[in-house]
1. Condition first: at negative phi, free of Cβ contacts under 8 Å to residues at least 12 places away in the same chain and within 16 Å of ligand 2 (Cβ to nearest atom). Can you find one or more residues in the stretch 88-101 that meet it?
2. What's the total number of residues in the stretch 168-200 that are within 16 Å of ligand 1 (Cβ to nearest atom), in contact (Cβ under 8 Å) with a residue 60 or more places away in the chain and hydrophobic (A, V, I, L, M, F, W, C)?
3. Every residue in the stretch 68-83 that is without any contact (Cβ under 8 Å) to a residue 40 or more places away in the chain, in contact with a helix residue (DSSP H, G or I) (Cβ under 8 Å, 6 or more places away or on another chain) and assigned to a loop (DSSP other than H, G, I, E, B), please.
4. Looking at the stretch 175-182, is at least one residue within 22 Å of Ala36 (Cα to Cα) and away from ligand 2 (no atom under 13 Å from the Cβ)?
5. Please determine whether any residue of the stretch 25-34 is more than 12 Å from ligand 1 (Cβ to nearest atom), among the hydrophobic types (A, V, I, L, M, F, W, C) and assigned to a helix (DSSP H, G or I).
6. How many residues does the stretch 136-155 hold that are touching a residue at least 24 places away in the same chain (Cβ under 8 Å) and over 22 Å from Tyr33 (Cβ atoms)?
7. So in the stretch 35-70, with the set limited to residues that are surrounded by fewer than 24 Cβ atoms within 10 Å (Cβ to Cβ) and hydrophobic (A, V, I, L, M, F, W, C), which one is nearest to the chain's Cα centre (by Cα)?
8. Under the condition of being more than 10 Å from ligand 1 (Cβ to nearest atom) and of a type in the set (S, T, N, Q), which residue from the stretch 84-110 is surrounded by the most Cβ atoms within 10 Å (Cβ to Cβ)?
Amino acid sequence: MERPGLVTLDPSLLEIATSAKGFMPDDEGLALYEAALKAATRGPLLEIGSYCGKSAVYLGAAAKEAGSTLYSVDHHRGSEENQPGQEYHDPDLVDEEGRVDTLPWFRSTIEEAGLANWVIGIVGSSPKVARAWATPLSMVFIDGGHSSAAATADYEAWTPKLMSEGLLAIHDVFPDPADGGRPPFEIYQRALVGAFEDVSACGSLRVLRKIGEVA
Ligand code: SAH
Ligand code: MG
């Protein structure tokens with residue numbers, strides 16, 4: 001498996017990505033950027049899980065350099081663990097009615113990064129958006145809901161939309177259950193049975209290449 005090398009991201013974009021609220025360590029963000037740079041020359045990129053735009057800056061920077069586009073899908077109401085009272089709730093991210101709303105934060109991150117022409121936010125439920133999706137994708141990044149149902153739905157809905165040799169990135173893959181929840185690891189393992197091969201790994205980020213039809 002490849003080890004991600006040292007790619008250089010525009011320092012002002014790196015600063016915006018590292019300071020945005022979110023769940024992507026800097027080294028994993030750079031590994032994501034590096035993978036996306038290779039993919040983006042072949043077609044558009046899509047991520048599930050925009051949150052406040054952190055990963056979208058890494059992916060969007062690659063889209064811009066390659067003359068491509070990132071589609072970033074999120075209902076912006078937060079995952080289970082982001083809800084009030086849960087482990088990853090952030091009280092800054094609630095609207096007047098007390099509901100999680102990350103859309104204003106996402107917008108402001110992307111505009112501050114000057115990436116609005118290359119990053120298109122899509123507000124809605126991931127499997128519903130996928131149902132209407134016809135454009136072949138060069139890369140899909142799965143970082144949405146972490147329940148088994150959500151991770152499986154994202155895998156099944158989006159991997160068929162990848163072009164041949166397209167890249168699938170999955171976040172929060174923890175081979176050791178002591179480090180975190182199982183569903184992202186489970187879809188990663190499922191991907192390796194026939195349809196994908198490993199490309200690179202960095203922290204909990206895995207990048208795979210599509211080499212067959214999705215089962
Ligand atoms: N990529 C982000 C983190 C994403 S957190 C970063 O770099 O920081 C996970 C996000 O997935 C949350 O914002 C949540 O609202 C979204 N999400 C969870 N389930 C979803 C679904 N079924 N459809 C769309 N978005 C979903
Ligand atoms: Mg994540």
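A short reminder: the numbers here are calculations on the coordinates, not readings from a lab. Just so it is clear, the model here is predicted, and its values are computed rather than measured. Methodologically, a virtual Cβ is constructed for each residue, glycine included, from the backbone with ideal geometry; neighbour enumeration extends over all protein chains shown.
1. Among the residues of the stretch 88-101, at least one is at negative phi, free of Cβ contacts under 8 Å to residues at least 12 places away in the same chain and within 16 Å of ligand 2 (Cβ to nearest atom), which makes the answer yes.
2. Looking only at that region, the number is 1.
3. Gly78
4. Within the stretch 175-182, not a single residue is within 22 Å of Ala36 (Cα to Cα) and away from ligand 2 (no atom under 13 Å from the Cβ).
5. yes
6. 9
7. Filtering first and then ranking leaves Leu37.
8. Ser108
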